Amino acid sequence: MKGNVHYVGMRRFLILFVLALVAGSLFITQKKEKDETPLPEKLEKVMRTTRMNTYRDPFYGYVIHYPSFFEQVSNPLVKEKGYCQFRFWNVEQIVQTAFVLPNLDSLTVAQGMSRFARELHATYQREEGDCFILSGPLHLENREVAGHRFYAKYVQCQKLWFVQILTYPENCAQAVTRLIREIDRWKVWEKKEEKKLPESFGSEPQTTSPYAGPCFPWILITN
């Protein structure tokens, strides 16, 4: 009798042990498959649901929105007011940057679009009233960065260009769709009454652009 009980007990133990192995194998397999999901796909899912944080420039008052999981980073190459940058980095790097340029030559929107499109090697351009959109393969110092693109909006206001630019890997194009829509509808200031430039601006006229070179090499941050 005791032998039968022992046999039944061992049989149950073996069955439970095998079931535990199967369950463990399934869990590990599912976890492995989940971990092997390509980063662009993971990023796209997160980008759809993430909260968008708001940044307000302390000097010019412009406002931009960026994903909550992006980190704000500083760049020692840029000392001028009106600059900010936010970055996501995990194998691939996505960088969202905003800055202000003086319109030294008093270019019209059409003239500015033509000049900056040429300097940035843009393959797409679109004029929209007081602003324009540029996009294309990313170039740094006139050399194409393989597998990377940019999307930028330039808004004209008095003697200034307010610029927001996104740089990203081509394989993350679908993932950054939400950010591109944010840039498309960017109005610089969220309310009309906020559209007021600092009184101090222009008290000391600038003769050269604070951003030397057309390709803005500081847009991509190196680790």
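The values are calculated or read from the model by the stated rules, or taken from the named source; none is laboratory data. Because the structure is predicted, anything quoted here is derived from the model rather than measured. Because the Cβ atoms are built from the backbone with ideal geometry, glycine has one as well, and the counts that use them run over all protein chains shown. Keep in mind that these areas ignore ligands, DNA and RNA; they rest on the heavy atoms of the full protein, side chains included. Shrake-Rupley method; radii C 1.70, N 1.55, O 1.52, S 1.80 Å.
Quick grid of which residues meet (1) part of a loop (DSSP other than H, G, I, E, B); (2) farther than 20 Å from I183 by Cα; (3) open to solvent by less than 80 Å² (accessible area, probe 1.4 Å); (4) of a type in the set (V, I, T):
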residue	(1), (2), (3), (4)
K79	yes, yes, no, no
R87	no, no, yes, no
Q96	no, no, yes, no
F99	no, no, yes, no
S106	yes, yes, yes, no
R118	no, yes, no, no
F132	no, no, yes, no
S135	no, no, yes, no
G147	no, yes, yes, no
query = Can you spot a residue in the stretch 26-40 that is within 29 Å of N171 (Cβ to Cβ), of a type outside the set (D, E) and either surrounded by 12 or more Cβ atoms within 10 Å (Cβ to Cβ) or at pLDDT 90 or above (or both)?
reply = yes
task = Among the residues of the stretch 124-158, write down those that are over 15 Å from F99 (Cβ atoms) and either in contact with a Pro (Cβ under 7 Å, 6 or more places away or on another chain) or among the charged types (D, E, K, R) (or both).
result = R126, E127, E128, D130, L140, E141, R143, E144, G147, H148, R149
task = Give the residues of the stretch 41-58 that are open to solvent by 60 Å² or more (accessible area, probe 1.4 Å) and either assigned to a strand (DSSP E or B) or within 12 Å of F99 (Cβ to Cβ) (or both), sorted by residue number.
result = T54, R56
